[in-house]
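Notes for the one structure printed next.
The values are calculated or read from the model by the stated rules, or taken from the named source; none is laboratory data. Just so it is clear, the structure is predicted and the values come from calculations on it, not from any experiment. Ideal geometry is used to build each Cβ from the backbone, glycine not excepted, and the neighbour counts take in all protein chains shown. To get the accessible areas, we keep the full protein, side chains included, count just its heavy atoms, and leave off ligands, DNA and RNA. Shrake-Rupley method; radii C 1.70, N 1.55, O 1.52, S 1.80 Å.
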Amino acid sequence: MSISVSCRNVGKTWAAGTPRAHEALRGVDLDVADGEFIVLLGPSGCGKSTLLYLVAGLEEATSGEILSYDTPVSGPAPDRSLIFQETSLFPWLSVWQNVTFGLSLGDMPAAERRKIAEEVLTRVGLRAAIDKRPHELSGGMRQRVAVARALAMEPKVLLMDEPFAALDVQTRAKMQDFLLDIWRGSGASVLFVTHHIDEAVALADQVVVFTSRPGQIKEIVPVDLPRPRDPFAPEAQDLRRHLTAILSAEVDKAFAEQEQEAAS
Amino acid sequence: MAYQATDERGSSAAPSGFQALLGRFKGPAVAFGWTIVSVGLFALIWEFLWLVGLADPKLLPPPHVFMGNIGEQAQYFNTAQRWQIGADPTAGPTPYEAVAITVFSSTMRVLSGLTLAAIISISVGIAIRYWKMVENLTLPTITLLAPVSPVAWLPVAIFLFGIGNAPAIFMVFIALFFTMTLATITQIDSVNVNYLNVARTMGASKRQIYTRVILPAILPGLLIVLRLNLFGAWMVVLIAEATGVGYGLGQVIMLARNTFNPGLVFFTIVLIGLLGFFFDFGLRMAQRRLLYWLPKGAGSLA
Ligand SMILES: Nc1ncnc2c1ncn2[C@@H]1O[C@H](COP(=O)(O)OP(=O)(O)OP(=O)(O)O)[C@@H](O)[C@H]1O
Ligand SMILES: [Mg+2]
């Protein structure tokens, strides 16, 4: 099986070489197999978003290297799509124009792009909203459009930074099901950030748990449960208990550190 | 009352197109109503002060006096041609036409200056952020000149352009250019970094990021800056006209001052006020048209 993303000893220090240098990630080794669903779990501020930015090519690692399909990542590329923590649709474009923004950067004619938009929006269940403007949509719909926009690029790697964090529990559960459908249909690998243990257990092939800052991989927990998953199955409960235990130790540590930092 | 009655009857049936239309114009109509009330109240107080003898009609003629004899005021509105030596005083436009020509000239000067300033300062602002070298070469000078009052540029305008339309347009341009350029830069710097990152992950070039993301993202803020500077543009044009760039509302005020004609002063002030009001209204409509995505209220300064 080929490796869609490979992180080798990756470290990131923000503002390196200045008095405000700030180490966010240290020595991250991670291989994501083709078509695998990886969830990154860790306390707030441990560098999860930072890692996604590095894989997306928006920021450069200060040490180590990142490969995607054996090619070093040296900048953003359309086959690695990032879905952001907050909505990031362009308010001045309609839904379908947003969805095909990436395609419009080339010279694909509008009619063809609209066809693609129709197709992808159908997949996210928003065919009817094709001519709406982002401000006319609810938060959940906007995130689905953001997913559609990523899908339109036919990415091999989907990077998702807490895409459902702002949604209520029921909507989030729906969006998770929907995401799993999309993932199965697209064959892309997914790197999904969350700090919800339930979400991690519901989605992941493997859960990567990070330590508090500087983020290092503390443990990689495989989730060998058949899909669709029953959240109340005893195995799922055990996994949640295990993840809660390692995570809460890290959160305690993070709090203590932040207190110390603030005091000094 | 009539409106309410239709409303009640209509509520049982499907809302008609007429009602939708009424609903759409209700907001602006109410705002306009309050404008009339506000201005009317002010005029009433003035009239009252005149009635009880507190406002001397020779110095502060009440509205019914200076608005009552528009024909008489209009005769002072002269276009440059009528003042030229040797011109036949009976030739040329009638007084009413002269008012129209004067208003039109001042308006066109403001509009031209505004358009020029908007286009050039947005271009310069973007160029400054796009090419570091442009920033190095121009930004210090622009920042140095920004706090200079537009009035200080008046002699420069006359040295450069003599009299006529050009110096007045130049004055409007200069009054807006520096602020608008600096505002453009500020707006560019505050574009949501997520927008830029989305474009970058989709493979947009620097040029595409500027034309497809930054430009639409900064327009709302810039239109507000333009609106805030609109009144400033009017003031500058009046100053330019008063100092003899030719005919125009500013020149009429100056004439009124020199001939001690308070009625003419107030009449002209009313004209200027109305023009400014409709200009602002027009820009606000343009803003709504262009920036349909902004929720009502936000960014409209309404
Ligand atoms: N652009 C930046 N410049 C400097 N420091 C940054 C920057 N972005 C993040 N950091 C710092 O890097 C660390 C990791 O941030 P990051 O956003 O990756 O955390 P996170 O794990 O995504 O947290 P959360 O779960 O709260 O989103 C934090 O301490 C943060 O202050
Ligand atoms: Mg984050």
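Could you tell me whether A:Val147 is more than 12 Å from every other protein chain (Cβ to nearest Cβ) and either more than 16 Å from ligand 1 (Cβ to nearest atom) or not in a loop (DSSP other than H, G, I, E, B) (or both)?
In short, yes.
Any residue in the range A:112-127 that is under 19 Å from B:Val193 (Cβ atoms), open to solvent by less than 20 Å² (accessible area, probe 1.4 Å) and either within 15 Å of ligand 1 (Cβ to nearest atom) or modelled with pLDDT under 95 (or both)?
Looking for residues that are under 19 Å from B:Val193 (Cβ atoms), open to solvent by less than 20 Å² (accessible area, probe 1.4 Å) and either within 15 Å of ligand 1 (Cβ to nearest atom) or modelled with pLDDT under 95 (or both), one finds none in the range A:112-127, hence no.
On the basis of being open to solvent by 40 Å² or more (accessible area, probe 1.4 Å) and within 12 Å of another protein chain (Cβ to nearest Cβ), does B:Thr211 make the cut?
When the stated conditions are applied, B:Thr211 passes them.
Is it true that A:Trp96 is away from every other protein chain (no Cβ under 14 Å) and either of a type in the set (Asp, Glu) or buried (at least 18 other Cβ atoms within 10 Å of the Cβ) (or both)?
For A:Trp96, the condition - away from every other protein chain (no Cβ under 14 Å) and either of a type in the set (Asp, Glu) or buried (at least 18 other Cβ atoms within 10 Å of the Cβ) (or both) - is met.
Please work out if A:Leu105 is open to solvent by less than 50 Å² (accessible area, probe 1.4 Å), in contact (Cβ under 8 Å) with a residue 24 or more places away in the chain and of a type outside the set (Val, Ile, Thr).
When the stated conditions are applied, A:Leu105 does not pass them.
Has the range B:223-231 got at least one residue that is over 25 Å from B:Ala152 (Cα atoms), part of a helix (DSSP H, G or I) and in the same structural domain as B:Asn136 (by TED's automatic domain parsing)?
yes
Could you tell me which numbered condition B:Phe170 fails, if it satisfies all but one of (1) closer than 30 Å to A:Leu159 by Cα; (2) crowded, with 18+ Cβ neighbours inside 10 Å?
All conditions are met except number (1).
Kindly indicate whether B:Val151 is more than 14 Å from chain A (Cβ to nearest Cβ), open to solvent by 60 Å² or more (accessible area, probe 1.4 Å) and either touching a residue at least 40 places away in the same chain (Cβ under 8 Å) or farther than 25 Å from A:Pro76 by Cα (or both).
yes
Testing A:Val193 on (1) away from ligand 1 (no atom under 13 Å from the Cβ); (2) open to solvent by less than 60 Å² (accessible area, probe 1.4 Å); (3) outside any helix (DSSP H, G or I), one condition comes back false. Which one is that?
(1)
Going through the range A:24-72 one residue at a time, which ones are open to solvent by 50 Å² or more (accessible area, probe 1.4 Å), within 16 Å of ligand 2 (Cβ to nearest atom) and of a type outside the set (Ser, Thr, Tyr)?
Answer for the range A:24-72, where residues must be open to solvent by 50 Å² or more (accessible area, probe 1.4 Å), within 16 Å of ligand 2 (Cβ to nearest atom) and of a type outside the set (Ser, Thr, Tyr): A:Gly45, A:Glu59.
With respect to A:Gly11, determine if the residue is within 12 Å of another protein chain (Cβ to nearest Cβ) and outside any loop (DSSP other than H, G, I, E, B).
So A:Gly11 does not fit the description; no.
Out of A:Arg127, A:Arg123, which single residue is in contact (Cβ under 8 Å) with a residue 60 or more places away in the chain and away from chain B (no Cβ under 13 Å)?
Residue meeting the stated conditions: A:Arg123.
Against the definition (hydroxyl-bearing (Ser, Thr, Tyr), in contact (Cβ under 8 Å) with a residue 24 or more places away in the chain, out of contact with any helix residue (DSSP H, G or I) (no Cβ under 9 Å at 6 or more places or on another chain) and away from ligand 2 (no atom under 16 Å from the Cβ)), how does A:Thr100 come out, yes or no?
no
Taking the range B:184-208, which residues are in a helix (DSSP H, G or I), open to solvent by 20 Å² or more (accessible area, probe 1.4 Å) and away from every other protein chain (no Cβ under 11 Å)?
B:Thr186, B:Gln187, B:Asp189, B:Lys206
In the range B:47-80, what residues are hydrophobic (A, V, I, L, M, F, W, C), outside any loop (DSSP other than H, G, I, E, B) and closer than 19 Å to B:Thr94 by Cβ?
B:Ile70, B:Ala74, B:Ala80 - these are the residues of the range B:47-80 that are hydrophobic (A, V, I, L, M, F, W, C), outside any loop (DSSP other than H, G, I, E, B) and closer than 19 Å to B:Thr94 by Cβ.
Output the residues belonging to the range A:153-190 that are within 16 Å of ligand 2 (Cβ to nearest atom), surrounded by 18 or more Cβ atoms within 10 Å (Cβ to Cβ) and closer than 12 Å to A:Gly140 by Cα.
The answer is A:Pro163, A:Phe164.
For A:Ala117, state whether it is small (Gly, Ala, Ser), touching a helix residue (DSSP H, G or I) at 6+ places or on another chain (Cβ under 8 Å) and away from ligand 2 (no atom under 16 Å from the Cβ).
In short, yes.
When the residues of the range B:252-264 are filtered to those that are free of Cβ contacts under 8 Å to residues at least 60 places away in the same chain and either in a helix (DSSP H, G or I) or open to solvent by less than 10 Å² (accessible area, probe 1.4 Å) (or both), which remaining residue is farthest from B:Gly40 (Cα to Cα)?
B:Asn258
If you scan the range A:111-125, which residues turn out to be β-branched (Val, Ile, Thr) and within 16 Å of A:Phe178 (Cβ to Cβ)?
Matches in the range A:111-125: A:Val120, A:Thr122, A:Val124.
Somewhere in the range B:236-245, is a residue open to solvent by 30 Å² or more (accessible area, probe 1.4 Å), touching a residue at least 12 places away in the same chain (Cβ under 8 Å) and in contact with a Phe, Trp or Tyr (Cβ under 7 Å, 6 or more places away or on another chain)?
no
Can you name the residue in the range A:212-243 that is open to solvent by less than 20 Å² (accessible area, probe 1.4 Å) and within 12 Å of ligand 1 (Cβ to nearest atom) and is also farthest from the other protein chains (Cβ to nearest Cβ) among such residues?
Here the answer is A:Ser212.
Quick check on A:Ser63: is it closer than 22 Å to A:His22 by Cβ and modelled with pLDDT under 90?
no
Give the residues of the range A:73-93 that are in contact (Cβ under 8 Å) with a residue 40 or more places away in the chain, more than 9 Å from chain B (Cβ to nearest Cβ) and surrounded by fewer than 20 Cβ atoms within 10 Å (Cβ to Cβ), sorted by residue number.
Hit for the range A:73-93 is A:Asp79, nothing else.
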